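These notes are about the structure you will find just below.
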Ligand SMILES: NC(=O)c1ccc[n+]([C@@H]2O[C@H](COP(=O)([O-])OP(=O)(O)OC[C@H]3O[C@@H](n4cnc5c(N)ncnc54)[C@H](OP(=O)(O)O)[C@@H]3O)[C@@H](O)[C@H]2O)c1
């Protein structure tokens, strides 16, 4: 049975652990590492890890751990993954995988040399509702896709030090939320021919806080993508085809997609309630891939992670948004 370690005893680590425990995933929760040993011990006791470490390095040095889940802010992912791979362990890393495509290419190259599995935990790609919808659209349920819209926007009241507003931690709406809207467009329309955008930058922190991104494709197809940490919008993905349209509720973590014709009559729906919280699908898939000896997961091949990061690189370049680690 694979033995998992986690770095970063924070918010998303809890969601991951809950999916492992309640989803009866066939792995051992071997060790949790935090910069603060007390926090690590708290997680160990709460979730029955075998060990708690007060430094990430101690976890890397644990010979018993096979796989590490990286649950830290974006700006640390690159260095941490390189160290983990140096210690011959497989990696599942939270989104966005790295700050830019160049960093991702280096991580994947190193993992390939060592024959280790590495995956970006972009859970949307693993959701059964998204997978079934893609199949139905390929079969022509709404005809040829003409336009995609996706909004992932919420009003935050975060202090300037929160990771979303902190340039040093890879803050901003694009890398945190835009990664999902861009992924949604790529799943259904592929790579755009050109990209344009409008952005609001936070003058105090230097991060992007509100943006509309437009992808243009051949045959006049468009994707309109909103991400924001200062405004609320419903988190909906909409796919418009020649014969009808699909509303994907909470598209990045969806359990329900409704298919309509242009008389606004429902002509179908896809519903897959999560068995736990939606993280179970990506975790099960990663474990299956590792057990089969793969170094990448078929739901999110390395090339897809790089492709999305390149699009975000281009968008950030047009905004002159550079992170200190770049
Ligand atoms: N898939 C999803 O739906 C989803 C949702 C939310 C976030 N995420 C991703 O998960 C990652 C972590 O997000 P989060 O919301 O869990 O973040 P968070 O709670 O703010 O931070 C996670 C942990 O990172 C560690 N950390 C290490 N160095 C740090 C530093 N200098 N400043 C702050 N924290 C530091 C801390 O753990 P220790 O103190 O224990 O060392 C912290 O508890 C991000 O990349 C984010 O994009 C994914």
Checked the stretch 47-61 for anything surrounded by fewer than 19 Cβ atoms within 10 Å (Cβ to Cβ) and either near the ligand (Cβ under 8 Å from one of its atoms) or under 22 Å from residue 114 (Cβ atoms) (or both); matches are 57, 58, 61
Conditions (1) closer than 25 Å to residue 116 by Cα; (2) part of a helix (DSSP H, G or I); (3) touching a residue at least 40 places away in the same chain (Cβ under 8 Å); number of the one not met by residue 295: (2)
With 303, 285 as the choices, which residue is surrounded by fewer than 13 Cβ atoms within 10 Å (Cβ to Cβ) and in a helix (DSSP H, G or I)? 303
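Residues are listed down the side, and each one gets a yes or a no for (1) within 16 Å of residue 131 (Cα to Cα); (2) more than 16 Å from the ligand (Cβ to nearest atom); (3) in contact with a strand residue (DSSP E or B) (Cβ under 9 Å, 6 or more places away or on another chain):
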site: 256; (1), (2), (3): yes, yes, yes
site: 284; (1), (2), (3): yes, no, no
site: 292; (1), (2), (3): no, yes, no
site: 302; (1), (2), (3): no, yes, yes
site: 307; (1), (2), (3): no, yes, no
Taking residue 85 and the conditions (1) within 15 Å of the ligand (Cβ to nearest atom); (2) touching a helix residue (DSSP H, G or I) at 6+ places or on another chain (Cβ under 6 Å); (3) without any contact (Cβ under 8 Å) to a residue 60 or more places away in the chain, which numbered condition does it fall short on, given that it satisfies the others? (1)
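Tell me the residue from 131, 102, 114 that is under 24 Å from residue 222 (Cα atoms) and out of contact with any strand residue (DSSP E or B) (no Cβ under 9 Å at 6 or more places or on another chain), please.
Numbers: 102 fails: under 24 Å from residue 222 (Cα atoms); 114 fails: under 24 Å from residue 222 (Cα atoms).
Being under 24 Å from residue 222 (Cα atoms) and out of contact with any strand residue (DSSP E or B) (no Cβ under 9 Å at 6 or more places or on another chain) holds for just one of 131, 102, 114, which is 131.
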Residues in the stretch 24-46 that are out of contact with any strand residue (DSSP E or B) (no Cβ under 6 Å at 6 or more places or on another chain) and within 15 Å of the ligand (Cβ to nearest atom) total 9
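Would you confirm whether any residue within the stretch 118-138 is more than 16 Å from the ligand (Cβ to nearest atom), surrounded by fewer than 19 Cβ atoms within 10 Å (Cβ to Cβ) and under 19 Å from residue 308 (Cβ atoms)?
Yes, the conditions are met somewhere in the stretch 118-138.
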Do we find that residue 297 is within 16 Å of the ligand (Cβ to nearest atom) and under 20 Å from the mean Cα position of the chain (by Cα) in this structure? yes
Quick one: residue 72 ticks every box in (1) on the phi > 0 side of the Ramachandran plot; (2) near the ligand (Cβ under 10 Å from one of its atoms) bar one, so which box is it? (1)
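Name the single residue, out of those in the stretch 11-23 being within 12 Å of the ligand (Cβ to nearest atom) and touching a helix residue (DSSP H, G or I) at 6+ places or on another chain (Cβ under 9 Å), that is nearest to residue 60 (Cα to Cα).
First, pick out the residues of the stretch 11-23 that are within 12 Å of the ligand (Cβ to nearest atom): 11-17, 19.
With the extra rule that they be touching a helix residue (DSSP H, G or I) at 6+ places or on another chain (Cβ under 9 Å), the set shrinks to 13-14, 16-17, 19.
Values: 13: 17, 14: 20, 16: 19, 17: 19, 19: 23 Å.
So the residue we want is 13.
Which of the residues that make up the stretch 176-203 are crowded, with 17+ Cβ neighbours inside 10 Å and more than 25 Å from residue 131 (Cβ to Cβ)? Even if it seems obvious, please write down each step before you answer.
Quick first cut of the stretch 176-203, residues crowded, with 17+ Cβ neighbours inside 10 Å only: 176-189, 192, 195, 197, 199, 202.
Within the stretch 176-203, 195, 197, 199, 202 qualify.
Readers should treat all values here as calculations from the given coordinates under stated rules, not as data from a laboratory. Quick caveat: nothing in here was measured; it's all calculated off a predicted structure. Neighbour counts are summed over all protein chains in view; Cβ atoms, including those assigned to glycine, are modelled from backbone coordinates with ideal geometry.
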